[in-house]
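Before any comments, here is the structure.
The values are calculated or read from the model by the stated rules, or taken from the named source; none is laboratory data. What you are looking at is a predicted structure, and each value in this text was computed from that prediction instead of being measured. Glycine gets a Cβ as well: all are built from the backbone with ideal geometry, and neighbour counts include every protein chain shown.
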Amino acid sequence: MRADIHMKMTHSVLTGNLHGVSTTCRDWCVWTDALCNNGSRQIALDLKLFRAELQRMVANNASVQHQEHDIEVTRRNEFMKTKVTLLFFLVVAASLICTVRFWLPRAGSTSAPVQSVPLNPELIACGAGVAAVGDCVSCHTTAGGQAFAGGLPIKSAFGTIFSANITPDVGTGIGLWSLKNFTRAMREGVSRDGHRLYPTFPYSNYTHMTDTDIAALYAFLMSRTPVRAATPLDQPVWPFQYRRLLGFWNLLFLHRGPVGKDPTQSIEWNRGHYLIEAAGHCEGCHTPLNFLDAEKASEAFNGGIVDGWEAPALNARSRAPVRWSKEQLTAYLSTSFASEHGASAGSMLLVTQTLAYARREDVEAMSTYLVWLETQGGGNHVSHGDSSTLARIRRGESLFSASCASCHDPESPMNQLGGRPLLTLSTAVNADSPRNIINLILAGISQAAVASPPHYMPPFASTLTDSQIADVVAYVRTRFTQKPAWPKLDDAVAKVRKESNPT
Amino acid sequence: MITLTVNGVHRTLDIDPSTPLLYALRNQLQLNGAKFGCGLGQCGACTVIVGTAPEFSCLLPVGAVGVRPVRTVEGLGTEARPGPVQRAFIAQQAAQCGYCIAGMIMRAQAMLEVIPAPSDEQIREQMAPNLCRCGTHMRIIAAVRQAARDMSGQQTLGTVSVSGARA
């Protein structure tokens, strides 16, 4: 009961004036009844009681006030707590929404696709060039199957993945895909119906392709003959059957955006850079992968392992004995063979067989970039010979086989019967200076001067020119020793010839 | 494609550059004067003149000949009109089986172009790389002596030929 009413009541009781006091309180009603029914002594007793009661009531009220204050505070606290909680839930909800949206990409449109891109012959031809560089056919074709019809099992960190049918078949291929669907798959690795594709499909490289190239490729694929071929179900390993987890893979390893241009380099270099990084996806094989099949960022082009074959390093860590030239690379990439390096084999053979269909200027651009790439990256730098060294050695081999092999070839009868030691054991051949071997070739060892037949050697001073002698010497050095090549052989031969023939 | 100048004629041959000149002369050009004796530069039966020097054609790949003119015994003269060295060898009957003779003639020719009046010692020294299994060495030396006389005689007397009827 409120204090002011209490005070009024008290005053009224003490003065016997009960009027004008609200009698809503039940206690008061009971007490007045008692007053009316009892005598004055009772009144005094009751008054005492009343005072006590009043005091109690006043004390109560105070605590009520405290309570009210507390409640006020509590209510305020509660209100704050609610706000914070609300905020918290808002944040959680927001992140959930983001996560959900991000984990569960929406299914693509179901509208008719092909009209969205005009299938003109020029665009299709351009797309064929893109497909050649991207080498779609090698993964999207199974042995004995039709081109682009998919079904090739590929072992990966995610399990055994089967390549999709990318012919425009409506039921089993991409016949219903719009350009938008296709672009999303190429850039984000998301299928038309929204499910995520395993990164074994190198969308982390294709994401850098230009819109034009993707549209051209789409036109090319849509112009193919549809093939009905259902793709076998992937066989993922735990936990990758939950494709949504691939969203996290993308977060870590999918770096979207176009290939940057370097204004200090030529147009051809930049074109080659784009082709290699985007559609070519060469890094995908020629870079070591981590346990999630993502390229190790700091080890680009350091080499990798594919189907048991080594994809060699394409940067300065390359072990090619002779540096690749643009012509050699162009020949290798487009004909699967390089006269100074050898034949492409294993998984690379599939690549070069497809690159045979790429535009020549594209292959040359890629070669331009690759020649530059050979010089990049530190550590383990192997000193390479160049084309001229190789040509010299090849000429030397030809000369040796005609002029020297009859006595000096390990298989020759003169070597086996004559007691002549192999050139591998010759000090002159292994020496730091080519002086003695040059002298020997020029003058031979005259028959008159020696006692035993194997000692004789015909002179070649008038038979071979300085350059030819240098060729032979260079060849002998590589053929019979592991020692480093003698430098400046032309000068050395001229010098020795002059010294031995002062006239 | 290998281009050679053989006996003054340019010839183009589609053969491996490491083919020994001897094989090209005999197989592609049908110049069978030079013979295969050892293939090792030890008998001289294959001797031809390349540039200005006598060479073992069994040890010289066609790819290495370059622009140096090649001369074989067929280029020195014909059966009807033999050259001076050939005439000397015929006069001295220096051949038995004849297998070493083409080489001997070419080495002699090369020597006489550089040493027009050689001594016997010089003749022996210069002809040493060429071997004869039939033992006609004495007649060969005599033929070279005569060739030297004949050729220097021709030089001194200008156009008058000493070895035949006076012109």
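Restricting attention to segment A:228-237, does a residue exist that is in contact with a Gly (Cβ under 9 Å, 6 or more places away or on another chain), part of a helix (DSSP H, G or I) and either more than 17 Å from A:Pro202 (Cα to Cα) or among the β-branched types (Val, Ile, Thr) (or both)?
Let us first name the residues in segment A:228-237 that are in contact with a Gly (Cβ under 9 Å, 6 or more places away or on another chain), namely A:228-232, A:234-237.
Cutting the leftovers down to part of a helix (DSSP H, G or I) gives us none.
Scanning segment A:228-237 turns up no residue that is in contact with a Gly (Cβ under 9 Å, 6 or more places away or on another chain), part of a helix (DSSP H, G or I) and either more than 17 Å from A:Pro202 (Cα to Cα) or among the β-branched types (Val, Ile, Thr) (or both).
Got a number for residues in segment A:175-184 being out of contact with any helix residue (DSSP H, G or I) (no Cβ under 7 Å at 6 or more places or on another chain) and assigned to a loop (DSSP other than H, G, I, E, B)?
At the first step, the residues of segment A:175-184 found to be out of contact with any helix residue (DSSP H, G or I) (no Cβ under 7 Å at 6 or more places or on another chain) are A:175-177, A:180-181, A:184.
Next, from what is left, pick out any that are assigned to a loop (DSSP other than H, G, I, E, B): A:175-177.
Of the residues in segment A:175-184, 3 are out of contact with any helix residue (DSSP H, G or I) (no Cβ under 7 Å at 6 or more places or on another chain) and assigned to a loop (DSSP other than H, G, I, E, B).
Name the residues in segment B:38-49 that are facing another protein chain (nearest Cβ under 8 Å) and touching a helix residue (DSSP H, G or I) at 6+ places or on another chain (Cβ under 6 Å), would you?
Within segment B:38-49, the first condition is being facing another protein chain (nearest Cβ under 8 Å), and the residues that meet it are B:39-42.
Scanning segment B:38-49 gives B:Gly39, B:Leu40.
Conditions first: (1) among the hydrophobic types (A, V, I, L, M, F, W, C); (2) more than 10 Å from every other protein chain (Cβ to nearest Cβ); (3) within 22 Å of B:Leu40 (Cβ to Cβ). A:Ala494 passes all but one, so which condition is the exception?
Every listed condition holds for A:Ala494 apart from (3).
State the number of residues belonging to segment B:1-37 that are more than 19 Å from B:Gly103 (Cα to Cα), buried (at least 19 other Cβ atoms within 10 Å of the Cβ) and either away from chain A (no Cβ under 14 Å) or within 18 Å of the chain's Cα centre (by Cα) (or both).
1
Would you point out which residue out of A:Asn436, A:Asn415 is surrounded by fewer than 21 Cβ atoms within 10 Å (Cβ to Cβ), away from chain B (no Cβ under 14 Å) and part of a helix (DSSP H, G or I)?
After ruling out the rest, the residue left standing is A:Asn436.
Counting only residues that are touching a residue at least 40 places away in the same chain (Cβ under 8 Å) and among the β-branched types (Val, Ile, Thr), which one in segment A:268-319 is surrounded by the fewest Cβ atoms within 10 Å (Cβ to Cβ)?
The extreme case among them is A:Val306.
Specify the residue that is surrounded by the fewest Cβ atoms within 10 Å (Cβ to Cβ); the eligible residues are those in segment A:172-218 that are among the charged types (D, E, K, R) and under 21 Å from the mean Cα position of the chain (by Cα).
So the first thing to find is which residues in segment A:172-218 are among the charged types (D, E, K, R), and the list is A:180, A:184, A:187-188, A:192-193, A:196, A:211, A:213.
In the following step, the residues that additionally are under 21 Å from the mean Cα position of the chain (by Cα) were identified as A:184, A:187-188, A:196, A:211, A:213.
Values: A:Arg184: 19, A:Arg187: 19, A:Glu188: 19, A:Arg196: 21, A:Asp211: 11, A:Asp213: 22.
Filtering first and then ranking leaves A:Asp211.
Please work out which residue is nearest to A:Phe291 (Cα to Cα), limiting yourself to segment A:221-240 and to residues that are touching a residue at least 24 places away in the same chain (Cβ under 8 Å) and exposed (fewer than 13 other Cβ atoms within 10 Å of the Cβ). Give the derivation first.
Initial filter on segment A:221-240 (touching a residue at least 24 places away in the same chain (Cβ under 8 Å)): A:221-237, A:240.
Next, from what is left, pick out any that are exposed (fewer than 13 other Cβ atoms within 10 Å of the Cβ): A:225, A:233, A:237.
Values: A:Thr225: 38, A:Leu233: 23, A:Val237: 13 Å.
Applying the filter and picking the extreme gives A:Val237.
Filtering segment A:465-484 down to residues that are assigned to a loop (DSSP other than H, G, I, E, B) and closer than 21 Å to A:Glu411 by Cβ, which residue is farthest from the other protein chains (Cβ to nearest Cβ)?
First, pick out the residues of segment A:465-484 that are assigned to a loop (DSSP other than H, G, I, E, B): A:465, A:481-484.
If we keep only those that are closer than 21 Å to A:Glu411 by Cβ as well, we get A:481-482.
On the way: A:Thr481: 22, A:Gln482: 25 Å.
Going through the qualifying residues, I end up with A:Gln482.
For segment A:154-167, how many residues meet the condition of being buried (at least 21 other Cβ atoms within 10 Å of the Cβ) and closer than 18 Å to A:Val137 by Cα? Break it down into steps so the answer makes sense when it comes.
So in segment A:154-167, the residues buried (at least 21 other Cβ atoms within 10 Å of the Cβ) come out as A:158, A:161, A:163-167.
Then drop every residue that is not closer than 18 Å to A:Val137 by Cα, which leaves A:161, A:163-167.
Adding up the residues that qualify gives 6.
Could you check how many residues of segment A:349-374 are in contact (Cβ under 8 Å) with a residue 60 or more places away in the chain and under 17 Å from A:Ala313 (Cα atoms)?
9
Tell me yes or no: at least one residue of segment A:451-464 is more than 14 Å from chain B (Cβ to nearest Cβ) and more than 53 Å from the chain's Cα centre (by Cα). First the steps, then the outcome.
Of the residues in segment A:451-464, the ones more than 14 Å from chain B (Cβ to nearest Cβ) are A:451.
Right, trim to more than 53 Å from the chain's Cα centre (by Cα) and you get A:451.
Yes, segment A:451-464 contains a residue that is more than 14 Å from chain B (Cβ to nearest Cβ) and more than 53 Å from the chain's Cα centre (by Cα).
Only residues that are of a type in the set (A, V, I, L, M, F, W, C) and within 14 Å of another protein chain (Cβ to nearest Cβ): list them for segment B:50-84, please. Walk me through how you get there before you give the answer.
The first filter runs over segment B:50-84 and keeps only residues of a type in the set (A, V, I, L, M, F, W, C), leaving B:50, B:53, B:56, B:58-60, B:62, B:64-65, B:67, B:70, B:73, B:76, B:80.
Those that are of a type in the set (A, V, I, L, M, F, W, C) and within 14 Å of another protein chain (Cβ to nearest Cβ): B:Val50, B:Ala53, B:Phe56, B:Cys58, B:Leu59, B:Leu60, B:Val62, B:Ala64, B:Val65, B:Val67, B:Val70.
Could you list, in sequence order, the residues of segment A:233-265 that are touching a helix residue (DSSP H, G or I) at 6+ places or on another chain (Cβ under 7 Å) and more than 28 Å from A:Gly173 (Cα to Cα)?
Selection gives A:Val259, A:Lys261, A:Asp262.
Where in segment A:297-411 are there helices (runs of 4 or more DSSP H), lying fully within it, with 3 or more residues that are away from every other protein chain (no Cβ under 14 Å) and modelled with pLDDT of 90 or more? First the steps, then the outcome.
Details: elements: A:326-335, A:347-355, A:360-373, A:387-403, A:405-408.
Here the list reads A:326-335, A:347-355, A:360-373.
Tell me whether segment A:155-162 contains one or more residues that are assigned to a loop (DSSP other than H, G, I, E, B) and under 30 Å from A:Gly346 (Cβ atoms).
To start, the set of residues in segment A:155-162 that are assigned to a loop (DSSP other than H, G, I, E, B) comprises A:157-158.
Adding the requirement that they be under 30 Å from A:Gly346 (Cβ atoms) leaves A:157-158.
Within segment A:155-162 (the criterion being assigned to a loop (DSSP other than H, G, I, E, B) and under 30 Å from A:Gly346 (Cβ atoms)), the answer is yes, since at least one residue qualifies.
Pull out all pairs, ordered by first then second residue, where Cβ-Cβ is under 8 Å, the residues are six or more apart or on different chains, the first lies in segment A:409-438 and is farther than 24 Å from A:Leu489 by Cβ, and the second is among the polar types (S, T, N, Q).
Cβ pairs passing all conditions: A:Ser412/A:Ser406; A:Met414/A:Ser406.
Which fully enclosed helices (runs of 4 or more DSSP H) of segment B:48-159 have 2 or more residues being free of Cβ contacts under 8 Å to residues at least 40 places away in the same chain and buried (at least 23 other Cβ atoms within 10 Å of the Cβ)? Can you show your working first?
On the way: elements: B:62-65, B:84-92, B:101-114, B:120-127, B:137-156.
Filter on segment B:48-159 gives B:101-114.
Out of everything in segment A:283-304 that is among the hydrophobic types (A, V, I, L, M, F, W, C) and under 10 Å from the mean Cα position of the chain (by Cα), what residue ends up being farthest from A:Gly377 (Cα to Cα)? I'd like the intermediate steps shown before the answer.
Initial filter on segment A:283-304 (among the hydrophobic types (A, V, I, L, M, F, W, C)): A:285, A:289, A:291-292, A:294, A:297, A:300-301.
Pick out the ones that are also under 10 Å from the mean Cα position of the chain (by Cα) and you get A:285, A:289, A:294, A:297, A:300.
Values: A:Cys285: 17, A:Leu289: 18, A:Ala294: 20, A:Ala297: 13, A:Ala300: 9 Å.
It comes out as A:Ala294.
Among the residues that make up segment A:450-467, is at least one of them on the phi > 0 side of the Ramachandran plot, buried (at least 16 other Cβ atoms within 10 Å of the Cβ) and touching a strand residue (DSSP E or B) at 6+ places or on another chain (Cβ under 6 Å)? Step through it out loud before you land on a result.
Narrowing segment A:450-467 to residues on the phi > 0 side of the Ramachandran plot: none.
Taking every residue of segment A:450-467 in turn, none turns out to be on the phi > 0 side of the Ramachandran plot, buried (at least 16 other Cβ atoms within 10 Å of the Cβ) and touching a strand residue (DSSP E or B) at 6+ places or on another chain (Cβ under 6 Å).
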